[in-house]
Amino acid sequence: GVYEKVSIPLFYGWFLFQDKIKCTAMDFLKTLDSLDAFKKHLADFPVETEKEVDLEQYFHSSWSLHCTTKFCAYGKAQGAKEYAEKTAVQESYGSVWELSLTALFVTPRTVGARVSLNEAQLALWPADADKEAEAAVPGAGALPPGSRAHISLGCAEKVEPVQTGLDLLDILVLQQAGQQGELVEEMELGSLVYFDKGRWLLTLREPVSVKTCFSSVYK
Ligand code: A2P
């Protein structure tokens, strides 16, 4: 009936109680766009000025912070119903989880935080999430499960948040292939590495732990 049809949400995920990580990321953006190394590669970004860009203005966000597990599109997405019916999903619904954030990344499209999932959290990760990205990011299907786990912190104009996870996978595929990137600077937060095409990765010295609630969204 009608009620069954609307019972599958738009998406499931871990929802943050605080947005402190966004403040940390905004501070990082402020530092990043002032670095000579960043200005040197400014042409990677689609901006008109040759001198500088204000990354805090460049990215926008209007959503509450979360780490998507399964995008269900109200049941239209492949595997949505199976996911909603999983025992782990049903038993965990509404419970509190600590997620570990291990890196921040910036591209001309998105800014996000990498989430490193533990075994228990991987039980809530959909089986094919990383493989599904293979078409968009060649090589993503061969990465360990949960590689795509992230928090979208901002998107450039006309970019959808779904891009953030793809940008993360893209960087991880490079790393998996043995590319270390160019170590640009040891910052207080961690080491900053540049991989061409405007891809910046800050691996956090100390992972940041954030409290979340596993839940879902119907818009
Ligand atoms: P993300 O998880 O990277 O933030 P929207 O507002 O565009 O409908 O998306 C709702 C949430 O679901 C967003 O958090 C978004 O990206 C995520 N999302 C949207 N489309 C997909 C998709 N095809 N695969 C995985 N996640 C998606």
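The values are calculated or read from the model by the stated rules, or taken from the named source; none is laboratory data. Predicted model, so just to flag it, every value in this text is computed and none were measured. Cβ coordinates were reconstructed from backbone atoms using ideal geometry, including for glycine residues, and neighbour counts include every protein chain displayed. Accessible surface is based on the protein model in full, side chains and every heavy atom, while ligands, DNA and RNA are left aside. Shrake-Rupley method; radii C 1.70, N 1.55, O 1.52, S 1.80 Å.
Descriptive notes on the structure:
- Label-point separation, E52 to S215 (7 Å along Cα→Cβ), nm: 4.0
- Note on H60 and S100: their simple-model spin labels are 3.6 nm apart, each label 7 Å out from Cα toward Cβ.
- Each residue of the range 87-100 is assigned a 3J(HN,Hα), and the resulting list reads 4, 4, 5, 5, 6, 8, 4, x, 8, 9, 9, 9, 9, 9 Hz, derived from the Karplus form 6.51 cos²θ - 1.76 cosθ + 1.60 (θ = phi - 60°), x at Gly and Pro.
- Full-stretch length increase - Q180, C23 - with 0.36 nm per residue and alpha-carbon distance subtracted: 53.8 nm
- Interatomic Cα distance distribution for the range 4-143, bins of 5 angstrom, percent: 2, 8, 15, 17, 16, 15, 12, 7, 5, 2, 1, 0
- Estimated from helical segments only, the mean residue ellipticity of the chain at 222 nm is -7000 deg cm²/dmol, where each DSSP H run of four or more residues counts as -39500 (n - 2.57).
- Trypsin sites (Lys or Arg not before Pro) lying in DSSP loop within the range 117-217, provided at most 16 other Cβ fall within 10 Å: K158, K197
- DSSP-assigned coil residues among chymotrypsin sites (Phe, Trp or Tyr not before Pro) in the range 1-82, each with at most 16 further Cβ atoms within 10 Å: F17, W63
- For GluC sites (Glu not before Pro), the sites in the range 117-196 that DSSP calls loop and that have at most 13 other Cβ atoms within 10 Å are E157, E188.
- Three-way shape label, the range 133-219, alpha-carbon gyration tensor, a/c 1.5: oblate
- Cross-link partners of K22 among aspartates and glutamates, defined as those whose alpha carbon lies under 12 angstrom from its own and excluding same-chain residues fewer than eight positions apart: E56.
- Residue-level accessible surface for C23, protein heavy atoms, 1.4 Å, Å²: 80
- Taking the chain and dividing mean pair separation by its residue count, relative contact order in percent (alpha carbons under 8 Å, at least six apart): 28
- Principal axis dimensions, the range 94-135 - Cα atoms, whole angstrom, descending: 35, 25, 18
- What you get for the range 63-162, charging only the Cβ of Lys and Arg (+1) and of Asp and Glu (-1), is a dipole of about 220 debye around the Cα centre.
- Charge dipole (Cα centre; +1 on Lys/Arg Cβ, -1 on Asp/Glu Cβ; no other charges) of the chain amounts to roughly 640 debye.
- Cα-based shape type of the range 68-123, given that a ≥ b ≥ c are square roots of the gyration tensor eigenvalues and the cut on a/c is 1.5: oblate
- Point-charge dipole on Cβ atoms (K/R +1, D/E -1) for the range 164-219, about Cα centre, debye to 20: 380
- Taken over the range 64-219, lysine pairs spaced eight or more positions apart, or on distinct chains, with alpha carbons under 16 Å apart number 5.
- On Cα atoms only, tilt of 20-32 relative to the major axis of the chain in degrees: 20
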